[in-house]
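What follows is a short report on a single structure.
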Amino acid sequence: MNSKLFSIFVILGLIISMFIGACAPQSMPTNVPEATEPPPPTTQEPAPPTEISQPEPTTPQKLEPIYIGALLPLSEPGAPQAGQLILRGIEMAAIYVNEVLGGSLDGRPVEIVVGDDKGTPEVGATEYRRLVQTYNIIGATGCYHSSVGLATIEVAKELGAPIIMTQASNKAITESGYPQVFRTHLIDPIRAIALVDFAKNQGFKKIGYIADNTDFGVGLSAAVEEEAAKQGLEVKSMIYDKAAVDLMPELLQLQAWGPDIIFNAGTGNPEHIIIEQAYEIGLFPETPMLATSDWPYRSDEYWELHGERGVGIYILTAYHKDMELTPSGQWFHDRYLAKYGIAPTYSSYNGFGDALILANAAKYAGSTDYAAIIKALEENEFEFWAGTVTFPRGEGAFWHQWTPPVLITQYTAVNQKQDEAKLVYTFQYTP
């Protein structure tokens, strides 16, 4: 074989070997991971607690107040001392209703709005109208002067809001028969019966009567004269102008007539002038004197003005310390004593009781509608400061009239308080 052929065979063998190697299966290398330390155990933090959605705190809704009007003589020519005492009672009634009773209608708080009637009819009527139209009061109370009461009831009839007379006593007020008019105070005919009955029981035969020319003074004068005639007693009445400051002429005429007892029916400053000038001429205390309402129970004022000259006066009232008080009346007595350092007078008690009645009437009515409140006043019995009150649809002056007991006490020593006055007479009217 020559060298050229040999070279060809060698080349062919190499080609065949390369072909066979390319077609053979290949083994893939295996990557072995390097040894590693196991990972540290993981600590899973606890999931935060699920927050529960809380409602936003809300401010309690403020209830709309219920307004009660206080119509009072807080300045002259009225009797501001009496007006202030009645107002104390009315204001404390609001506290009692709000703190003890939990409010009036639907728990609404009671607020007192005040009108100064100045003891003047025209002013009283205007102030009552203002209280109704400005505050939409559920009713009013506090009238002291009968002349103011008579003027105010005409506006009450027009506007519809009820009014309770706290101390206005002229019979024509309830004799009107107006649905809006109520009273928790003595009417003049009953006062006159008690006054004359007392005089007769004491053996007095001649009654000297002195008063101003107001509806109270003139009305009570007529009632006393009528009742005295029935009982066989004589009466001499002296009526002076309300603005008078010198009553010596009237008192001298009474002295010349020779009365056995004097009925002092003055209001405001004249009630005190009568005592001083009667003492000056020797008419009092030689002749007994009876105050036809309880103004001497404003004892600080009374003794400061009169001192020893005021001893011996008789006082017609509807309150005495031995009377049994209701729970509300006892609360009022204790609260008043703590605040003012003296027991409340009848004026304050009655103001408290009348405002309490109005607040409860709205609650019973379930409404501030005037007709509904009047209906509630007529149909319900109300806790008063002493006893309970109803307002019957009576005849004449007894229309919506509740009559308290009549008491007569006497100051027997200087500087006595009302609770120290001697009880000398009681009278309970029976129709």
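Just tell me, in residue order, which DSSP H segments of the chain are both 18 angstrom or longer along the helix axis (alpha-carbon based) and at least 1.0 in mean Kyte-Doolittle hydropathy.
Working: long enough: 3-23 (31 Å, 2.17); 80-99 (28 Å, 0.35); 121-135 (21 Å, -0.77); 146-159 (20 Å, 0.75); 188-201 (19 Å, 0.34); 215-231 (24 Å, -0.05); 327-340 (19 Å, -1.18); 346-365 (28 Å, 0.16).
The qualifying helices are 3-23.
I'd like the antiparallel share, as a percent to the nearest 5, of DSSP beta bridges with both residues in the chain. If you can, show how the numbers build up before the last one.
Values: 12 of 44 bridges.
Bridges in the chain that DSSP calls antiparallel: roughly 25 percent.
Cross-link list LYS157/LYS375; LYS205/LYS236; LYS206/LYS230; LYS339/LYS417; LYS171/LYS417; LYS118/LYS339: which exceed 23 angstrom alpha carbon to alpha carbon?
Numbers: LYS157/LYS375 15 Å; LYS205/LYS236 11 Å; LYS206/LYS230 14 Å; LYS339/LYS417 17 Å; LYS171/LYS417 31 Å; LYS118/LYS339 26 Å.
As for pairs spanning more than 23 Å Cα to Cα, those are LYS171/LYS417; LYS118/LYS339.
I need the shape label for the range 340-416. Rule: rounded when a/c is under 1.5, else prolate if a/b > b/c, else oblate, with a, b, c from the alpha carbon gyration tensor. Can you show the working numbers first?
Details: a/c = 3.70, a/b = 1.84, b/c = 2.01.
Oblate is the answer for the range 340-416, as a/c is 1.5 or above yet b/c matches or exceeds a/b.
Largest first, please: the extent of the C-alpha atoms of the chain along each principal axis, to the nearest Å.
Extents along the principal axes, in whole Å: 197, 45, 37.
For MET289, list long-range residues whose amide hydrogen, built 1.01 Å from N in the peptide plane, is under 5 Å from its own amide hydrogen.
Here ILE262, TYR314 satisfy the definition.
So which chymotrypsin sites (Phe, Trp or Tyr not before Pro) in the range 86-163 pass both tests, a DSSP loop state and at most 12 other Cβ atoms within 10 Å of the Cβ?
On the way: sites: TYR96, TYR128, TYR135, TYR144; in loops: TYR144.
Here no loop site has a sparse enough neighbourhood.
Skipping prolines and chain starts, which residues have an amide H placed within reach, meaning under 5 Å, of the one on ALA386, given they are 5 or more residues away or on another chain?
So ALA386 has HN proximity to THR326.
Taking every alpha carbon pair in the range 87-232, what does the distance histogram look like in 10 angstrom bins from 0, in percent?
In order of increasing distance, the bins hold 11, 34, 29, 17, 8, 1 percent.
At a Förster distance of 41 Å, what's the computed FRET efficiency of ARG393 paired with GLU76, Cβ-Cβ distance as r, to 0.05? List each step's numbers first, then the result.
On the way: r = 37 Å, r/R0 = 0.91.
Calculated value: 0.65.
Please give, to one decimal in nm, the separation of the simple spin-label points placed at GLU175 and TRP257, each 7 Å out from Cα toward the Cβ.
It is 2.2 nm.
Semi-axes, largest first, in whole Å: what does sqrt of 5 times each Cα gyration tensor eigenvalue give for the range 289-336?
Details: eigenvalues 133, 35, 11 Å².
So the equivalent ellipsoid measures 26, 13, 8 Å along its semi-axes.
I'd like the trypsin sites (Lys or Arg not before Pro) in the range 354-408 restricted to DSSP loop residues with at most 14 other Cβ atoms within 10 Å, sorted by number.
Working: sites: LYS363, LYS375, ARG393; in loops: none.
Answer in residue order: no site qualifies.
Over the residues of the range 254-364, compute the C-alpha Rg and express it relative to 2.2 N^0.38 Å.
Values: Rg = 17.4 Å, N = 111, 2.2 N^0.38 = 13.2 Å.
Normalised Rg, Cα atoms only: 1.32.
Per the Kirkwood formula on distinct C-alpha pairs, the Rh of the range 264-312 is how many angstrom?
On the way: mean 1/r = 0.0927 Å⁻¹.
Evaluated on the range 264-312, it is 10.8 Å.
Short version: ³J(HN,Hα) in whole Hz for each residue of the range 109-117, in order, from phi by Karplus 6.51 cos²θ - 1.76 cosθ + 1.60 (θ = phi - 60°), x for Gly and Pro, what are they?
Working through the residues one at a time gives x, 9, 10, 9, 10, 10, x, 8, 7 Hz.
Scan around ILE66 for amide H atoms under 5 Å from its own, H built in the peptide plane at 1.01 Å from N, and keep only partners 5 or more places away or cross-chain.
VAL110, GLU111
Would you mind working out the magnitude of the charge dipole of the chain relative to its Cα centre, with +1 at each Lys and Arg C-beta and -1 at each Asp and Glu C-beta, to the nearest 20 Debye?
Values: 27 positive and 51 negative charges, 203 e Å.
About 980 debye.
Wrap a convex hull around the Cα atoms of the range 211-306, take a quarter of its surface area, and give that in square nanometres.
On the way: hull surface 23.8 nm².
The directionally averaged projection comes out at 6.0 nm².
What is the dipole size for the range 121-273, taken about its Cα centre, with +1 at each Lys and Arg Cβ and -1 at each Asp and Glu Cβ, in debye to the nearest 20?
On the way: 12 positive and 18 negative charges, 70 e Å.
In total the dipole reaches around 340 debye.
Per DSSP helix of 4 or more residues, -39500 (n - 2.57); summed, then divided by the residues of the chain. What does that give at 222 nm, rounded to the nearest 500? Each step should come with its number before you reach the end.
Details: 13 runs with 179 residues, N = 431.
The per-residue figure over the chain is -13500 deg cm²/dmol.
Any idea what the dipole of the range 219-346 comes to, in debye rounded to 20, about its Cα centre with Lys/Arg Cβ at +1 and Asp/Glu Cβ at -1? Intermediate values should be presented prior to the final figure.
On the way: 8 positive and 20 negative charges, 74 e Å.
Charge dipole, the range 219-346, about its Cα centre: 360 debye, nearest 20.
Would you please classify the overall shape of the range 71-170 from the alpha carbon gyration tensor, given that a ≥ b ≥ c denote the square roots of the eigenvalues, rounded means a/c under 1.5, and beyond that prolate means a/b larger than b/c while oblate covers the rest? Present the calculation step by step, with values, prior to reporting the outcome.
Values: a/c = 2.20, a/b = 1.42, b/c = 1.55.
Note, shape of the range 71-170 comes out oblate.
Just so you know, all these numbers are worked out from the coordinates, no wet-lab data involved. What you are looking at is a predicted structure, and each value in this text was computed from that prediction instead of being measured. Because the Cβ atoms are built from the backbone with ideal geometry, glycine has one as well, and the counts that use them run over all protein chains shown.
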